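Comments concern the structure below.
The values are calculated or read from the model by the stated rules, or taken from the named source; none is laboratory data. On a predicted model such as this, the values are computed, not experimentally measured, just so you know. Cβ: placed from backbone, ideal geometry, glycine included. Neighbour counts: every protein chain shown. Side chains are part of the model used for accessible areas, which takes the heavy atoms of the whole protein and leaves out ligands, DNA and RNA. Shrake-Rupley method; radii C 1.70, N 1.55, O 1.52, S 1.80 Å.
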Amino acid sequence: MSMTQQAAPAVGTPPAPGPGESDGRTRQRSLVLRLLARPEVGVFLGAVAVLVFFLIAAPTVRQGSSMATVLYQSSTIGIMALPVALLMIGGEFDLSSGVAVITSALTASMLSFQLSMNVWTGVFVALIVSLAIGAFNGWMVMKTGLPSFLVTLGTFLILQGVNLAVTKLVTGNVATDDISDMDGFGQARKVFASSFDVGGVQVKITVVWWLVFAALATWVLLRTRYGNWIFAVGGNKDSARAVGVPVKFTKITLFMTVGFGAWFVGMHNLFSFNTVQSGEGVGQELIYIAAAVIGGCLLTGGYGSAIGPVFGAFMFGMVNQGIVYAGWNPDWFKAFLGVMLLGAVLINLYVQRTATRR
């Protein structure tokens, strides 16, 4: 037996693929798998299903005014769900986002009223305070190496106590004073809490802001270097740092983005109702996070989109108002919330496994 024959493999080499064939390494995934790889596909289908369900179960939803109310409820959640989703894609959480909304509104209201200043002064000071809270959260996470869950839980408790204590100290009550007759209120209300007519239906300006912010967030994620940094630090921050990604800058600015969202929603609350209840906001952070998770953001970071949370927020608004229009007990909302959240996690897991299956 020759040496060449001895060295020959025991199993024959598979034939090369023909002109119209491809092996498993080069085979292109089907259109279905490519669609499933998109994080917003599952929640889009879920949002359509929820909409159809309530259009049948609650005929009132078919009215233009009812749908405008649904979109308004969705927008107040969606504006905050967007920066929370970006932060989650970056691998972090913010449990203080709910009470931070109230902190922002309280700051603007009390500063303007107690010092008899133009309300725009309070608005800009509140923006600085909100950004500072976000920067503090991000700095603490990066400086200590503690999980953002623990850091922002501490911030949540601090803000909750400060909101109540300072409001009682300054106003003698748990709510702020009415600022509707102060200079600049009308202008600020037009920006943050006005309505406009569409075919005889009043639509809140927050719906427009919500869609604008969603478009901006999508552009940042998909078309900018900063968007690449967000995915990189969420996927593996050590690897991201090794290739030159400014991890600390990216994480801190993501927390500040959540602070900006809290400021904007806080201003909407203030100029919609003229006063602010200092004890509100508790529990809203879970709604924002749930909307992001339902929208396709993974709890482990590095995956998600800005469009997904838009549909996630719409599902919340649809269920919240749909239950009322259907005449059901509103206590069922929490049950629907739990079902949607659990279902979204399972769907996201299935989509991720299916999309990565060869």
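Structure values in brief
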item	result
Per-residue ³J(HN,Hα) for region 65-71, Karplus 6.51 cos²θ - 1.76 cosθ + 1.60, θ = phi - 60°, Hz, x for Gly and Pro	5, 5, 5, 5, 5, 4, 5
For region 142-147, Karplus couplings with θ = phi - 60° (6.51, -1.76, 1.60), whole Hz, Gly/Pro x	6, 6, 8, x, 6, x
Estimated FRET transfer efficiency (ARG223, ASN173; beta-carbon r; R0 56 Å; 0.05)	0.70
GNM flexibility winner over the chain from GLY301, GLY154, GLY42 (Cα, springs under 10 Å)	GLY154
Label of the coordinate-derived value, Rg and Dmax of the Cα atoms in Å, listed as (i) 20.0, 62; (ii) 23.2, 95; (iii) 24.6, 104	(iii)
Cβ-derived FRET efficiency at R0 30 Å, THR144 paired with SER272, nearest 0.05	0.20
FRET efficiency estimate (nearest 0.05) - Cβ-Cβ, ARG62 to LEU286, R0 22 angstrom	0.10
Accessible surface of the chain, 1.4 Å probe, proportion on carbon and sulfur as whole %	65
Number of Lys pairs (Cα under 22 Å; 8 or more positions apart or on different chains) in the chain	6
Distant-in-sequence amide H partners of PHE93 (H built 1.01 Å from N, under 5 Å)	SER148, PHE149
Theoretical ellipticity at 222 nm over the chain - DSSP helices of four or more residues, -39500 (n - 2.57) apiece, nearest 500	-23000 deg cm²/dmol
For LYS251, net neighbour charge (Lys/Arg +1, Asp/Glu -1) across residues whose Cβ lies under 9 Å away	+1
Spin-label model distance (nm) - LYS248 vs LEU216, 7 Å beyond Cα toward Cβ	2.7
Sequence-separation-based contact order of the chain, relative, with Cα cut under 8 Å and 6+ spacing, percent	34
Size descriptor, Kirkwood hydrodynamic radius, that averages inverse alpha-carbon separations across region 185-305, Å	16.8
Global size of region 92-235 as Cα Rg and Dmax, reported in angstrom	18.3, 54
Three-way shape label, region 227-282, alpha-carbon gyration tensor, a/c 1.5	prolate
Net charge over other residues, Cβ less than 12 angstrom from the Cβ of GLY98 (K, R count +1; D, E count -1)	-3
Overall dimensions of region 147-196 as given by Cα atoms, namely Rg and Dmax in Å	16.2, 44
Residue with peak Gaussian network fluctuation, the chain [Cα springs, cutoff 10 Å], from GLY78, GLY138, GLY184	GLY184
Region 205-211 - phi-based ³J(HN,Hα) in whole Hz, Karplus 6.51/-1.76/1.60, Gly and Pro as x	5, 5, 5, 5, 4, 4, 5
Mean accessible surface per residue for region 120-186, computed with a 1.4 Å probe while every protein chain stays in place, in Å²	51
